[in-house]
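What follows is calculated from the coordinates using simple rules that are stated; it is not laboratory data. Being a predicted model, the structure only gives us computed values, none of them experimental. Cβ atoms come from the backbone with ideal geometry, glycine included; neighbour counts cover every protein chain shown.
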Amino acid sequence: MIYAISDIHGNYDAYRRILNEISFKPTDTLYVLGDVVDRGPDGIRVLQDMMGRPNVVPILGNHELMMAVSLKLLMREITEGSVSELGEAEIGALADWFANGGEPTLRAFNALSQAKRLEIVEYLGEFSLYEEVRAGGRDYVLVHAGIDNFSPDRPLEDYDPADFLEGRSGLTDAYWPDRTVISGHTPTRLIPGSPAPDRIYKTRGRICIDCGCGFGGTLGALCLDTGEEFYAD
């Protein structure tokens, strides 16, 4: 079976519960649609678990991007002198990450050995911007946030990375008549017309699966083969 989850946000317990709920097996495939880290305390722990599973496919979220941009700073010793030498862009990137819940991830990252840190850095480089999947007789495009600046004839490889990572518009609109976009990023409780808070939202070629795990909600999983929904609460 093929499954998708999104926006774990450092909640290792919810992540493990959802794996149990779907009875995740080595023959299954799990797509994780970004924002594994930040806000919660155990983003690094979730990343390390994902790294050990060849049947887990990671897709980049804006929080992984913020983390990766900051790693150049995080991987070197910070002293009063080195801080004074930081550029405005570096300081801004780190401040942006902290403002969006990056501090627990930083603490856990800094507690790792150098070898483990390098493994995390290498793994972040393996995250894709999107995945195209066929399951249950349907075609899916899996991205973190959606597709900004969308044109139906524009190849996916021609989009800017930000088009997949930041947008919150058009959450109830279909992109293509014959492909369904699955995304996270925006908790479903914030989508106008959502019939139930913190539950997967499906409409007209769009499926939104961020069930608010980073904001006191739950973690949802969708089986692409059957359309069945699973929850960690």
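General observations
- Qualifying residue in the range 151-158 (condition: more than 24 Å from Lys72 (Cα to Cα), aliphatic (A, V, I, L, M), more than 15 Å from the chain's Cα centre (by Cα) and outside any strand (DSSP E or B)): yes
- Residues that are in contact (Cβ under 8 Å) with a residue 24 or more places away in the chain, outside any strand (DSSP E or B) and either crowded, with 16+ Cβ neighbours inside 10 Å or on the phi < 0 side of the Ramachandran plot (or both), drawn from the range 126-148: Glu126, Phe127, Leu129, His144, Ala145, Gly146, Ile147
- The range 176-190 residues that are part of a helix (DSSP H, G or I), paired with ones that are surrounded by fewer than 24 Cβ atoms within 10 Å (Cβ to Cβ) and among the acidic types (Asp, Glu) (beta carbon under 7 Å, 6 or more apart): Thr188/Asp198; Arg189/Asp198
- Residues (surrounded by fewer than 18 Cβ atoms within 10 Å (Cβ to Cβ) and assigned to a loop (DSSP other than H, G, I, E, B)) located in the range 191-212: Pro192, Gly193, Pro195, Ala196, Pro197, Arg204, Gly205
- Within the range 17-49, considering residues that are in contact with a helix residue (DSSP H, G or I) (Cβ under 8 Å, 6 or more places away or on another chain) and in a helix (DSSP H, G or I), the one surrounded by the most Cβ atoms within 10 Å (Cβ to Cβ): Gly43
- Qualifying residue in the range 103-111 (condition: without any contact (Cβ under 8 Å) to a residue 40 or more places away in the chain, surrounded by 13 or more Cβ atoms within 10 Å (Cβ to Cβ), more than 14 Å from the chain's Cα centre (by Cα) and over 20 Å from Gly214 (Cα atoms)): no
- Of residues in the range 159-175 being charged (D, E, K, R) and either without any contact (Cβ under 8 Å) to a residue 24 or more places away in the chain or not in a loop (DSSP other than H, G, I, E, B) (or both), the one farthest from Leu224 (Cα to Cα): Asp160
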